């Protein structure tokens with residue numbers, strides 16, 4: 001719709017102009033820099049909202065930018081560092097990256113994955129932002145020590161924490177009072193004994209020889225049993241024991257996924273299928289359920305129609321179901337249909 005006669009686009013409220021600039025492609029945002037002082041400020045805010053480093057040369061260039069234009073560092077809300085480099089190569093860039101992070105006083109989301117460098121190098125960079133009000137911290141490439149996790153405890157602003165599956169467990173309880181999303185080792189999460197408003201979790205027992213499911217899930221129940229809606233798990237073995245504990249202690253879940261590190265090469269036993277039926281019957285409002293192997297298996301190894309019918313009876317709220325290598329879905333009171341058929 002055209003603007004009213006005599007009305008200039010710059011007469012629109014700043015909030016609307018901000019949305020216009022935000023929705024524009026990057027080349028257009030760059031062009032906005034030359035329109036007027038107002039559009040310069042709006043475009044600059046969007047152009048520097050998210051910064052990504054995928055090459056070492058980008059770090060050096062950006063360090064020069066924030067050195068000469070310090071105010072631009074205050075515009076950055078999200079920083080994503082994804083590097084695949086040799087340790088010796090990164091040594092030259094680690095100090096500038098530390099100094100860049102230290103200047104990002106308004107940073108809210110920090111994702112750092114620097115592969116093949118020592119853990120203490122990554123941790124030194126992360127410590128540069130300890131005084132910031134981060135909402136999200138992601139570090140999949142490097143196992144973080146218990147000490148740095150403890151340093152981030154009591155961070156009132158942190159709502160999402162995503163860690164390497166090899167992160168070290170802490171000997172002391174960890175407290176993240178505002179955490180809503182967690183991804184990492186189950187043994188680390190088990191140290192978060194203090195209540196938190198967690199909604200979504202991805203837990204791994206990949207590096208645990210004899211996982212204590214009962215203890216770990218009990219601690220999850222105490223910490224966020226009333227708020228947790230979505231749980232994704234990876235474990236060795238069949239996963240049946242884990243399913244049994246989760247169904248008993250976390251019946252309020254709406255989404256549950258269990259992936260196990262065991263090939264499925266033979267038809268499943270009646271005992272396993274009866275356990276799946278029984279466990280699903282304990283959930284009150286489960287909508288999505290997945291129980292599958294990490295390894296690709298024979299797609300003809302399908303659950304029986306009888307099992308699907310029993311699942312429907314035991315868990316009437318269920319709408320999406322993955323069993324073994326097969327995906328099933330149903331709408332309303334209709335029967336299951338195979339999404340791959």
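The values are calculated or read from the model by the stated rules, or taken from the named source; none is laboratory data. All of these numbers come straight from a predicted model, not from anything done at the bench. Positions of Cβ are backbone-derived with ideal geometry, glycine not excepted, and every protein chain shown enters the neighbour counts.
Summary of values
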quantity	calculated
Residue list for region 280-306, restricted to those being outside any loop (DSSP other than H, G, I, E, B) and either closer than 20 Å to residue 245 by Cα or modelled with pLDDT under 75 (or both)	280, 288, 289, 290, 291, 292, 293, 305
Residue within region 75-98 that is part of a helix (DSSP H, G or I) and either in contact with a strand residue (DSSP E or B) (Cβ under 6 Å, 6 or more places away or on another chain) or at pLDDT 90 or above (or both) present	no
Those residues of region 32-54 which are surrounded by 15 or more Cβ atoms within 10 Å (Cβ to Cβ) and either part of a helix (DSSP H, G or I) or out of contact with any strand residue (DSSP E or B) (no Cβ under 8 Å at 6 or more places or on another chain) (or both), in sequence order	32, 39, 41, 42, 43, 44, 45, 46, 47, 48
Enumeration of residues in region 99-122 that are surrounded by 19 or more Cβ atoms within 10 Å (Cβ to Cβ), in a helix (DSSP H, G or I) and in contact with a helix residue (DSSP H, G or I) (Cβ under 8 Å, 6 or more places away or on another chain)	100, 101
Some residue of region 55-74 being surrounded by 13 or more Cβ atoms within 10 Å (Cβ to Cβ), touching a helix residue (DSSP H, G or I) at 6+ places or on another chain (Cβ under 7 Å) and not in a helix (DSSP H, G or I)	no
Filter result (crowded, with 18+ Cβ neighbours inside 10 Å, closer than 25 Å to residue 236 by Cα and modelled with pLDDT of 80 or more) within region 154-189	161, 163, 164, 165, 182, 183, 184, 185, 186, 187, 188, 189
Filter result for residue 225 (touching a strand residue (DSSP E or B) at 6+ places or on another chain (Cβ under 7 Å), modelled with pLDDT under 90 and either closer than 29 Å to residue 148 by Cα or buried (at least 16 other Cβ atoms within 10 Å of the Cβ) (or both))	no
